[in-house]
Amino acid sequence: MHHIGRSKHREVVYDTYGNVRECKKCEYYGVCTTSPRGRHISISEHEGLFKEMREKLSTEEGKEIYGIRKITLEPVFGNLSQNLGFREFVLRGKEKVRGEFSLMCTAHNLLKIAKFVRKSGKKLGELLREREVLSIGAT
């Protein structure tokens, strides 16, 4: 395949490759692609990073770490973006984004506490008093 050109999509640069003449001669033309220009592939400028990460995740240690992350961290980000609508930061700058993210995490944690309290069938004050008694008894 020959380098055809470069394009940019969402701030990521892609190199596009293809070979129209060879593609049309191929016995799979029409099955592989129906485009009259033949088959094209686009490769991200970050392909090397993707490859490194795939290799890292294919190791036993990587599988173990991602397995834990998958059940502890990813659901939180899914909830924040999908259910609570936090898809992008409104503010700019590291300090402001940290503050905004802290507010998002606080909202998530408050919802988790509210769900726990509802499930318990008790009032928040009762649960806190029980917890206080338990912690005093433990010392």
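Taking the conditions exactly as written (in the same structural domain as ARG6 (by TED's automatic domain parsing) and at pLDDT below 90), does ARG37 satisfy them or not?
yes
Checking the conditions here, which among ARG87, ARG131 is farther than 30 Å from HIS2 by Cα, touching a helix residue (DSSP H, G or I) at 6+ places or on another chain (Cβ under 8 Å) and not assigned by TED's automatic domain parsing to the domain that holds TYR17?
Answer to the check: ARG87.
Using the structure shown, decide if ILE113 is outside the structural domain of GLY18 (by TED's automatic domain parsing) and not hydroxyl-bearing (Ser, Thr, Tyr).
yes
Considering only the range 69-92, state which residues are loosely packed, with under 10 Cβ neighbours inside 10 Å and more than 30 Å from LEU124 (Cβ to Cβ).
ARG87, GLU88, VAL90, ARG92
Suppose we filter SER44, SER35, SER58 for residues that are in contact with a strand residue (DSSP E or B) (Cβ under 8 Å, 6 or more places away or on another chain) and either small (Gly, Ala, Ser) or surrounded by 12 or more Cβ atoms within 10 Å (Cβ to Cβ) (or both); which single one remains? Before you say what the answer is, go through the steps one by one.
Numbers: SER35 fails: in contact with a strand residue (DSSP E or B) (Cβ under 8 Å, 6 or more places away or on another chain); SER58 fails: in contact with a strand residue (DSSP E or B) (Cβ under 8 Å, 6 or more places away or on another chain).
Of SER44, SER35, SER58, the one residue that is in contact with a strand residue (DSSP E or B) (Cβ under 8 Å, 6 or more places away or on another chain) and either small (Gly, Ala, Ser) or surrounded by 12 or more Cβ atoms within 10 Å (Cβ to Cβ) (or both) is SER44.
Can you list residue pairs whose Cβ atoms sit under 7 Å apart, with the first residue in the range 5-34 being without any contact (Cβ under 8 Å) to a residue 12 or more places away in the chain and the second being surrounded by 15 or more Cβ atoms within 10 Å (Cβ to Cβ) and part of a helix (DSSP H, G or I)? Count only pairs 6 or more apart in sequence or on different chains.
Every condition considered, the pairs that remain are TYR29/CYS23.
The values are calculated or read from the model by the stated rules, or taken from the named source; none is laboratory data. Keep in mind that this is a model prediction, so the values were computed, not measured. Positions of Cβ are backbone-derived with ideal geometry, glycine not excepted, and every protein chain shown enters the neighbour counts.
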